[in-house]
1. Under 5 Å between amide H atoms, partner at least 5 residues away or on a different chain: which partners does Thr167 have, H built in plane at 1.01 Å?
2. Can you flag which of Lys161/Lys230; Lys179/Lys230; Lys180/Lys225 are past 19 Å Cα-Cα?
3. Output ³J(HN,Hα) for segment 246-251: one whole-Hz value per residue in order, computed from phi by the Karplus curve 6.51 cos²θ - 1.76 cosθ + 1.60 with θ = phi - 60°, and x for Gly and Pro.
4. Whole-Hz Karplus ³J(HN,Hα) for segment 185-192, in order, using 6.51 cos²θ - 1.76 cosθ + 1.60 and θ = phi - 60°, x for Gly and Pro?
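Values quoted throughout were computed directly from the atomic coordinates according to the rules given, and no laboratory measurement underlies them. Quick caveat, the model's predicted, so the values are computed rather than measured.
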Amino acid sequence: MNPLRHKFLPISFAVSVIGLCFSVYNILSSFLFEESCTAACGLFANFTVMGVSLWWFSAIFFTLVLILSLFGLAYILRIITAVALTADIVLLFIMLNTTLCVLCICAGILIACSYYVVRYENRRPLDPYPKTFLLGLWAVLFVLLLGSVINANQRGISFAKVENPGTNIFFSPSCPACKKILLAEQNNKNIAWYPVEDSEYDIWRILFMQERINAGDTVYQALLKAEEKKPEEHVELTDMLRLKYFVMQYKVWKNTAIVKRRTSAIPYIEVFGTPKEYTNSIGLEQSAVVQNNDTHIVNSLIGQENELCGDDTKPCEEGK
């Protein structure tokens with residue numbers, strides 16, 4: 001008897017209904033409440049494919065599974081569920097190195113269930129329960145993610161490698177306060193600059209800035225050219241299929257996750273591993289729309305090594 005015969009697949013159909021309702025709920029939440037994520041899920045909130053949220057792709061996937069389950073088209077179901085599970089494996093790997101997104105985990109469980117039940121419902125009567133490499137790999141990453149505590153001391157990925165930098169600055173291209181620091185310290189070779197994502201367009205500006213930095217520009221010069229060229233206005237679908245896009249998106253997610261775990265504002269500054277407060281910092285979700293007229297830069301936070309011994313209440317002692 002052919003296990004791929006056309007018949008109604010009730011379990012797969014039920015899972016797809018739950019998955020579709022879950023996806024639609026998150027889509028409606030983004031419209032009605034202007035957010036569909038927990039604080040941790042906010043890291044991935046700005047990621048879209050040509051302006052389309054991943055929740056729309058999730059809804060399309062579960063709709064296809066629902067229709068195909070209704071008509072028992074198991075062969076096609078096997079293919080699309082395998083593709084979806086592969087994509088979720090990539091997302092699990094990213095979360096292992098950034099932060100855990102609860103809603104993404106829930107969607108991933110539903111995708112894994114769809115993958116499994118399609119194979120379960122179409123096995124021959126005497127065949128054992130289906131076992132696949134993809135599902136095994138997904139399960140391993142899932143357990144590792146749930147069992148791990150995201151390392152609070154994770155290191156970000158800077159634009160360019162700086163040997164033993166005295167200062168680490170996490171900034172967004174759309175943050176006015178960050179731009180002032182970039183201007184003031186553009187020639188400082190002792191600073192490592194870590195780009196973070198504050199709006200859906202930042203990734204394209206960061207990609208362009210990386211190209212300009214590789215060509216010899218300073219980070220500030222690269223930012224000015226990115227603002228002038230506005231690379232986000234010339235995005236095509238093929239641009240999102242390039243390897244360097246995915247590599248940079250991973251780096252930016254990693255940096256943004258670090259900032260979200262340690263503070264709620266940018267620019268985020270560390271001097272020799274110690275966080276320093278910048279008085280004009282702006283909330284991470286507000287930097288793109290808040291304008292700040294204060295041009296004062298707190299240079300003491302990003303000074304030279306010999307200026308950073310001790311603190312304000314207890315200056316360095318002589319000879320130390």
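1. Those lying under 5 Å, H to H, from Thr167 are Ala192, Phe272.
2. Details: Lys161/Lys230 26 Å; Lys179/Lys230 16 Å; Lys180/Lys225 16 Å.
Pairs exceeding the cut-off: Lys161/Lys230.
3. 5, 5, 5, 4, 4, 4
4. Once θ is set to phi - 60°, the couplings for segment 185-192 become 10, 5, 9, 6, 7, 9, 10, 9 Hz.
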